[in-house]
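Structure, as structure tokens:
The values are calculated or read from the model by the stated rules, or taken from the named source; none is laboratory data. Only a predicted model underlies this, so the values are computations on that prediction, with no experimental measurement involved. For neighbour counting, all protein chains shown are included, and Cβ atoms are generated from backbone atoms with ideal geometry for every residue, glycine included. Heads up: the accessible areas ignore ligands, DNA and RNA and are worked out on the full protein's heavy atoms, side chains in. Shrake-Rupley method; radii C 1.70, N 1.55, O 1.52, S 1.80 Å.
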Amino acid sequence: MKPKNLIIDCDDTLWENNRYFLEAHQKFLSLMQGRGHDRQKVDMLLLKLEMDNVPKYGYGAKSQARSMADVYMLFEPDPDPETLMMINAIGEAVFNHPVTLLPGVKETLPKLYGRYRLFLYTKGNHDEQLGKIKKSPMAKFFEQYRIVPEKNQVSFREMLDSFGLAPSETWMVGDSPKSDILPAVANGVRSVYIPFELTWAVERQELPESEHIITVETFDHLERLLL
């Protein structure tokens, strides 16, 4: 049975996101390597600090830039102001990147609009995520949006309640097994998983065999599934 409501993730489901963070990560490693630091050690420490800093800074470009600065100052307790400016510039480039829609989104979303009630559900720094939503040409198709610090079973349930959505009438669409698919299924919501090659490593998780999880290759496959 087809749903009445679709909850759709933003980053790496509707538009490119993690690619910019990965590029910034590599730029920082190159910067540190150029200053004589071991690239692998910098890489490992940055990955650790990014996760350690999530409770303080949240997810997003500003958080990544702060983590890079933290790593730099651990290697160089007497930091060079120019290097700090370069690190800040790397972060600003991620923060200001354009909203680049993924293949099939521009053509498919307008077709879903009107047939279904559409809702956006995303996590991260509120201002950063809101900025991307407002810049997106797709924002006009969504009835409401919800930005949370962390996606999990509890926050998904709260989101359903805030939108007044019945799980039996709702499907989730997203690229992250950890943040999108599993919390939805745990709340009785059928889910459409769209794998993305650059999904952040910490968001990957093995999905169980389930009649409540449908995997499609790209966003435009939703047309065959739902229209």
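Take GLU217 and tell me if it is among the acidic types (Asp, Glu), open to solvent by 70 Å² or more (accessible area, probe 1.4 Å) and within 21 Å of GLU16 (Cβ to Cβ).
When the stated conditions are applied, GLU217 passes them.
Which one is nearest to the chain's Cα centre (by Cα), of the residues in segment 181-201 that are in contact (Cβ under 8 Å) with a residue 60 or more places away in the chain and open to solvent by 60 Å² or more (accessible area, probe 1.4 Å)?
The selected residue is TRP200.
Give me the pairs, please: first residue somewhere in segment 47-62 and at negative phi and free of Cβ contacts under 8 Å to residues at least 40 places away in the same chain, second residue anywhere and among the aliphatic types (A, V, I, L, M) and not in a loop (DSSP other than H, G, I, E, B), beta-carbon distance under 7 Å, and either six or more positions apart or on two chains.
Partner pairs satisfying both residue conditions: LEU49/VAL71.
In segment 30-44, is there at least one residue being open to solvent by 40 Å² or more (accessible area, probe 1.4 Å) and among the hydroxyl-bearing types (Ser, Thr, Tyr)?
Yes, because at least one residue in segment 30-44 is open to solvent by 40 Å² or more (accessible area, probe 1.4 Å) and among the hydroxyl-bearing types (Ser, Thr, Tyr).
Whether any residue in segment 162-174 is more than 17 Å from ARG190 (Cα to Cα), acidic (Asp, Glu) and more than 14 Å from the chain's Cα centre (by Cα) is what I want to check.
Taking every residue of segment 162-174 in turn, none turns out to be more than 17 Å from ARG190 (Cα to Cα), acidic (Asp, Glu) and more than 14 Å from the chain's Cα centre (by Cα).
Would you pick out the residues in segment 118-164 that are under 19 Å from LYS56 (Cβ atoms), assigned to a helix (DSSP H, G or I), of a type outside the set (D, E, K, R) and open to solvent by less than 60 Å² (accessible area, probe 1.4 Å)?
Within segment 118-164, GLN129, SER155 qualify.
Here is a yes/no grid of residues against (1) modelled with pLDDT of 95 or more; (2) in a loop (DSSP other than H, G, I, E, B); (3) buried (at least 18 other Cβ atoms within 10 Å of the Cβ):
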residue	(1), (2), (3)
LYS48	no, no, no
LYS56	no, no, no
SER67	yes, no, yes
VAL71	yes, no, yes
LEU74	yes, no, no
ASP78	yes, yes, no
GLU82	yes, no, no
MET85	yes, no, no
ALA89	yes, no, no
